[in-house]
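Notes for the one structure printed next.
The values are calculated or read from the model by the stated rules, or taken from the named source; none is laboratory data. Just so we're clear, the structure is a prediction, and the values are computed from it rather than from any experiment. Heads up, the Cβs are rebuilt from the backbone with ideal geometry, glycines too, and the neighbour counts pull from every protein chain shown. Heavy atoms of the whole protein, side chains included, go into the accessibility calculation; ligands, DNA and RNA do not. Shrake-Rupley method; radii C 1.70, N 1.55, O 1.52, S 1.80 Å.
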Amino acid sequence: GSARMGLVYDGNDTEFSSRIRVVFKMAGETDGGLAFGASVRADQAGVANSGGTAMSAGTVFISGAFGKLTFGDNDSAANVLVGHVSGVGFTGLGDYNELGYLGNTDTSALYEYSTGALSFALSAGQTTATVVTPTGVIDEQAVAVAAKYSTDTFSVALGYEQFGDDEQVTLGGSATFSGATVKAVVADRDSWADTHYALSVDYAIDATTITAFYTDQGPIDTYGIGAAYDLGGGASVLGGIVDDGFDTIAEVGLTFSF
Amino acid sequence: GSARMGLVYDGNDTEFSSRIRVVFKMAGETDGGLAFGASVRADQAGVANSGGTAMSAGTVFISGAFGKLTFGDNDSAANVLVGHVSGVGFTGLGDYNELGYLGNTDTSALYEYSTGALSFALSAGQTTATVVTPTGVIDEQAVAVAAKYSTDTFSVALGYEQFGDDEQVTLGGSATFSGATVKAVVADRDSWADTHYALSVDYAIDATTITAFYTDQGPIDTYGIGAAYDLGGGASVLGGIVDDGFDTIAEVGLTFSF
Amino acid sequence: GSARMGLVYDGNDTEFSSRIRVVFKMAGETDGGLAFGASVRADQAGVANSGGTAMSAGTVFISGAFGKLTFGDNDSAANVLVGHVSGVGFTGLGDYNELGYLGNTDTSALYEYSTGALSFALSAGQTTATVVTPTGVIDEQAVAVAAKYSTDTFSVALGYEQFGDDEQVTLGGSATFSGATVKAVVADRDSWADTHYALSVDYAIDATTITAFYTDQGPIDTYGIGAAYDLGGGASVLGGIVDDGFDTIAEVGLTFSF
């Protein structure tokens with residue numbers, strides 16, 4: 001499980017923020033040596049005076065020499081392999097470091113396969129996913145495919161997603177040298193006017209990690225800087241400041257992993 | 001806990017289906033030797049684009065030489081002892097093998113007592129259960145009583161339920177010979193025009209079990225056939241085809257128990 | 001976790017009542033010796049035909065020589081240290097022994113510090129808590145402070161709460177002699193016409209505890225008497241009768257702790 005607590009300044013007010021998550025994992029193995037398992041998460045989150053509570057993020061998988069097949073609440077293949085540049089703060093401060101993926105509608109299926117430095121993923125949203133609009137029923141079927149090459153010092157990944165009538169190509173890369181890790185993601189979505197860019201640098205000195213990011217999301221540019229200090233035993237202190245294009249927002253808090 | 005994943009063909013479309021359940025059980029014993037316990041279930045289920053999530057199926061019990069008394073989310077006494085004939089598929093494919101019980105409104109109470117080959121059960125729905133309709137408030141109090149005689153090779157069970165103004169008598173039996181188990185259930189409900197019938201045969205060959213069922217539910221007849229293969233370690237592959245009286249539906253998938 | 005089952009008479013009808021709770025606790029320690037942890041609760045409760053289910057009561061804390069700081073679903077500092085006089089029954093029978101606290105809006109923060117016989121607590125509701133009414137937006141910020149002095153034979157506690165425009169001062173005390181524990185709470189809230197009083201006596205004889213309480217809540221007086229018998233192993237039988245000012249209500253049931 002995990003938990004976090006801290007103060008968030010949203011540009012106008014400073015609020016208490018806390019979240020507790022318990023993850024239940026189950027695992028087994030068939031007589032033929034296939035691994036299988038499932039996980040489901042119990043959340044208790046509160047920001048401002050809305051105290052949301054839910055069971056979510058359930059997945060079930062089977063894996064073997066053929067790779068791993070997961071059904072349930074999956075990210076798209078592109079999101080899984082390309083991912084995001086680094087963010088700041090104990091909640092993510094709005095996750096402005098993320099350019100976004102088209103995603104898919106659950107129940108989704110995700111297939112992953114790795115061999116040496118090369119990873120491959122394929123995902124599909126629910127085959128019958130649709131949404132009703134004033135102009136008719138819109139098909140929201142989604143498929144995605146992605147590949148990644150990663151070594152100890154660098155990685156490069158490419159993902160393609162299709163969701164209804166929209167498409168996105170996302171390219172990501174990372175490189176580590178002299179204590180610094182640089183990450184970059186470029187995303188081109190049909191329904192966006194411009195190509196979006198994100199860049200981050202993480203610099204580690206002993207137990208402290210300094211992180212900075214910059215994104216160009218068409219009309220809006222955002223940037224942020226933060227620091228994390230590892231208290232040991234699964235606890236960290238994190239603080240960050242982000243300019244979201246309109247306001248300067250900030251936060252400081254603790255995260256715990258159990 | 002348990003989990004399942006697979007493909008369901010509903011007569012028009014083939015959909016991804018998955019479900020994850022975690023069951024929390026707690027148990028204790030009094031100084032006088034009475035056993036007590038409780039269980040509650042965390043579900044994460046997704047069929048098509050509705051991702052339902054809930055905590056449910058909570059019960060609390062105390063048991064001893066006097067039998068077992070359970071409060072909470074109980075099935076009726078008739079359902080507990082008479083039950084259903086066998087079904088097919090990894091989700092149950094609509095559970096058309098089940099004739100149905102009148103059930104009860106929770107919080108319900110269930111009392112069970114066994115002595116040798118004979119079992120006895122008595123249940124009552126919430127005493128104040130009512131439903132408001134245009135013509136007034138309808139009392140939905142429910143009571144049920146059932147008895148079962150079972151040996152290694154056969155069983156016979158009889159149940160009576162009363163729910164509001166409706167009544168149901170259900171008779172069930174099973175017999176095992178030469179690797180085959182035959183089950184039959186006959187149900188007569190006041191609000192049904194006809195008596196309903198269900199019959200199933202399970203035939204086991206090594207790790208494979210072949211199942212077929214037939215039901216006569218008044219104007220609608222349904223039948224299905226399926227197979228299950230035990231992969232060991234709590235994993236099984238299950239497939240089935242059902243004619244629900246209108247469409248032919250089918251599914252294939254995996255079930256895991258942990 | 002905990003569970004309970006029994007019968008409740010609400011003045012008109014006798015109903016089945018049951019509740020199951022599972023508490024998930026997580027804990028850790030930093031390299032510098034600070035303790036941290038979190039808990040979240042899975043509930044399955046059913047009274048009459050409403051079967052409520054939820055994840056709730058999540059909190060996350062960090063503690064050390066400086067005291068303990070908890071974020072999440074906290075009671076106010078006054079409620080934590082002053083508390084209530086004793087109640088009766090397995091569900092609390094309406095909790096008429098409780099005079100009530102102003103409370104706070106989650107996410108709240110609670111700080112606690114103890115040194116010897118003296119305890120101190122400070123709490124704050126969500127800083128941006130508001131409610132929209134026909135006459136405008138009302139600020140619901142809350143703060144509370146409380147102190148308690150307790151020894152083996154007696155305790156005295158004082159709490160002050162402010163919630164929006166309302167204020168409450170609550171004084172509580174308890175004393176134990178010859179097997180009897182007497183508790184008293186006096187609460188003075190700005191928005192009440194009168195000062196409210198509560199008094200209880202618990203008398204223990206072997207495994208049985210007899211409890212009686214009386215409250216004067218302005219126009220309404222309530223009183224109740226009950227008994228609890230400890231079955232051992234975490235199980236108890238509890239029964240009680242309460243006059244809530246209008247009806248006589250009663251209940252008998254079992255509670256289990258795991």
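Listed values, structure above:
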| quantity | calculated |
| --- | --- |
| Subset of the range A:99-138 [open to solvent by 10 Å² or more (accessible area, probe 1.4 Å), in a loop (DSSP other than H, G, I, E, B) and not hydrophobic (A, V, I, L, M, F, W, C)] | A:G100, A:Y101, A:G103, A:N104, A:T105, A:D106, A:G116, A:T127, A:T128, A:P134, A:T135 |
| Residue, farthest from C:A38 (Cα to Cα), within the range C:144-156, restricted to residues that are part of a strand (DSSP E or B) and open to solvent by 80 Å² or more (accessible area, probe 1.4 Å) | C:F154 |
| Residue count for the range A:90-122, restricted to those that are within 11 Å of another protein chain (Cβ to nearest Cβ) and small (G, A, S) | 2 |
| Test: residue in the range A:158-180 that is in contact (Cβ under 8 Å) with a residue 60 or more places away in the chain, touching a Lys or Arg at 6+ places or on another chain (Cβ under 6 Å) and of a type in the set (S, T, Y) | no |
| Residue match in the range B:4-23 (condition: among the basic types (K, R), at pLDDT 90 or above, in a strand (DSSP E or B) and more than 29 Å from B:Y113 (Cα to Cα)) | yes |
| Boolean, C:Q141 is buried (at least 21 other Cβ atoms within 10 Å of the Cβ) and modelled with pLDDT under 95 | no |
| Test: residue in the range B:190-197 that is at pLDDT 95 or above and touching a Lys or Arg at 6+ places or on another chain (Cβ under 8 Å) | yes |
| Per-region count, the range C:2-18, residues among the polar types (S, T, N, Q), buried (at least 22 other Cβ atoms within 10 Å of the Cβ) and over 21 Å from the mean Cα position of the chain (by Cα) | 0 |
| Out of B:T222, B:T181, B:T209, B:T195, sole residue that is over 22 Å from B:L238 (Cα atoms) and of a type in the set (S, T, Y) | B:T195 |
| Enumeration of residues in the range C:72-90 that are at pLDDT 95 or above and either over 30 Å from C:Y203 (Cβ atoms) or of a type in the set (K, R) (or both) | C:S76, C:A77 |
| Cβ-Cβ under 6 Å pairs, at least 6 apart or on other chains, the range B:4-22 side more than 9 Å from B:G253 (Cα to Cα), far side assigned to a strand (DSSP E or B) and open to solvent by 60 Å² or more (accessible area, probe 1.4 Å) | B:T14/B:L7 |
| Out of B:R4, B:R19, sole residue that is among the basic types (K, R) and either facing chain C (nearest Cβ under 8 Å) or in contact with a Leu (Cβ under 7 Å, 6 or more places away or on another chain) (or both) | B:R4 |
| The range C:66-79, residues that are open to solvent by less than 30 Å² (accessible area, probe 1.4 Å) and closer than 16 Å to C:G103 by Cα | C:T70, C:F71, C:G72, C:N74, C:S76, C:A77, C:A78 |
| Residue satisfying all of: in the range C:80-89; in a helix (DSSP H, G or I) and buried (at least 24 other Cβ atoms within 10 Å of the Cβ); farthest from the other protein chains (Cβ to nearest Cβ) among these | C:V82 |
| All positions within the range C:96-133 that are acidic (D, E) and modelled with pLDDT under 95 | C:D106 |
| Of residues in the range C:237-248 being part of a strand (DSSP E or B) and open to solvent by 30 Å² or more (accessible area, probe 1.4 Å), the one nearest to C:D13 (Cα to Cα) | C:T248 |
| Among (1) modelled with pLDDT of 85 or more; (2) open to solvent by 20 Å² or more (accessible area, probe 1.4 Å); (3) within 23 Å of the chain's Cα centre (by Cα); (4) within 9 Å of chain A (Cβ to nearest Cβ), the one test that C:S63 misses | (4) |
| Any chance A:A48 is modelled with pLDDT under 95, on the phi > 0 side of the Ramachandran plot and at the interface with another protein chain (Cβ under 7 Å from one of its Cβ atoms) | yes |
